[in-house]
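Report on the following structure.
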Amino acid sequence: MLDRLFLYSGCLMVGEAGSTPRLALACWDYSWLTRRDGRASEYRDLDKVFAELAERGYNALRLDPFPHLLARGESGLTQDRFDVLPEGLDLRRGARVPVQVQPRKTLVEMLRRARAHGISLWLTSWFMPDTQARRSFVRRPQDFVRVWAETLAFIENEGYADLILGVDFCHEFPQAPCAHGAYRRIFASHPRNPLPQMLGWSGGVCRRVEEYLLEVPRSLRALYPHYRYGVSVAATQEDNIRQLDTSELDFLDTHAWLSDDPRFRFASGEMLTPVAPAVASRLQSRVAALLYRARQSQWSRRAGRRLHQQAEFARMRRLAPILGEGYVHDARESALDWDWVRLVSEHMVMAALEEGIPVITTGLHARPHSPGFWEDVAWHQRLTTMIREA
């Protein structure tokens, strides 16, 4: 342990004043590994996409290293190849068909490219399903500790530990499908039943969730004290999280969407899109853009108030407020008005800067497989400069 502490004496430590650097964050979730072949092959040339990321001014990337696949299985053996199944297509993440991946080999390639282009990494995991159902075995707090400890050890042994800044142990915990293995233990219900996570949490649920929030970061910090540990939350879970002990967390990553505002969600017709055909969905996207432009000061002001409440809660708990995902939620990107999406993103970034939030994303679509958003290099450079130099 002393050797490990000495090794990182030159790095930013969690406990130092101002220890969270200013980061312009993009999020490639698990797509960086699952969109490398066939029609979905935007990440086949990692050197190219990392060069594009650096050109646009980003200095950090939020992604999934697949800890449940990287770590040893129940048999105690490691594997090199897995067949990952599609999931989460509502935000156009990943591939639409099963794909075979090599997480250990490809992660090393990704780490090499990140270092070459000066990109730091913010780790999390969606715990994607595979044909061996590996995520089902990540149930208890000690299971999360084990798979993440083995992942961090792998990265350290390959010589890239200095690239890692933060670890969010489960994307939007404890929501399904990401917390698939823990969901039944926490809510006493199948992960495909969304009602328990949507309702107010009982005392028993709060105690079980709190167990993860305390034990996972505490145990990982004992092994790797030089990283920041925290959790990401959806706006729908904020009231529940406020009831819990968060003393072991270093950051709280809030995911903010324009549709979190019930007035906007109702007025734009977004509540109808889950049951609407594609034509109606395209119409709804146009209505949302027109509605926002017509009263953009009102919507941006309301979003700013929500962001202020989130940041104040984090600071009250002595946590670094992070804005790691947002802001326009639409599965059919072909229907999106990208100028409007950039307008919403810019308003959210400005609100986050006013709150002094140090780690900010320019939006969900800051990724190579959303070319309508990605192709405007000058816009990205302007926003990332604002974030890094605020």
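Listing for the model above:
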quantity	calculated
Positive-end extreme of charge dipole, the range 65-130 - chosen from Ala116, Ala71, Gly88 (charges on Cβ)	Ala116
The range 101-236 - accessible surface per residue (Å², probe 1.4 Å)	36
Shape of the chain, Cα gyration tensor, a/c cut at 1.5	rounded
Simple Cβ-charge dipole of the range 89-234, Lys/Arg +1 and Asp/Glu -1, about Cα centre, in debye nearest 20	320
Rounded accessible area per residue of the range 276-365, 1.4 Å, Å²	43
Only Lys, Arg (+1) and Asp, Glu (-1) charged, at Cβ; the range 64-138 dipole about Cα centre in debye	300
Range of Cα positions in the range 313-361 per principal axis (Å), largest first	41, 19, 14
Distant-in-sequence amide H partners of Tyr229 (H built 1.01 Å from N, under 5 Å)	Val167, Asp250, Phe251
Of Val216, His369, His329, farthest towards positive along the dipole that unit charges on Lys, Arg, Asp, Glu beta carbons give the chain	His329
Distance (nanometres) between label positions extended 7 Å along Cα→Cβ at Gln298 and Asp162	5.3
Label-zone membership for the range 141-166, site Arg317, 7 angstrom Cα→C-beta point, backbone N under 18 Å	141, 166
The chain: relative contact order in percent, alpha carbon pairs under 8 Å with at least 6 residues between	19
Within the chain: Cβ-based charge dipole about Cα centre, in debye rounded to nearest 20 (Lys, Arg +1; Asp, Glu -1)	560
Helical contribution to [θ] at 222 nm, DSSP H n ≥ 4, -39,500 (n - 2.57), averaged over the chain, rounded to 500	-13000 deg cm²/dmol
Carbon and sulfur %, accessible surface of the chain computed with the full protein complex present, 1.4 Å	52
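The values are calculated or read from the model by the stated rules, or taken from the named source; none is laboratory data. Every value quoted in this text rests on a predicted model; they were computed, and no experiment measured them. All Cβ positions, glycine included, derive from the backbone under ideal geometry; neighbour counts span all protein chains shown. Calculation scope for accessible area: heavy atoms of the full protein, side chains included, ligands and nucleic acids excluded. Shrake-Rupley method; radii C 1.70, N 1.55, O 1.52, S 1.80 Å.
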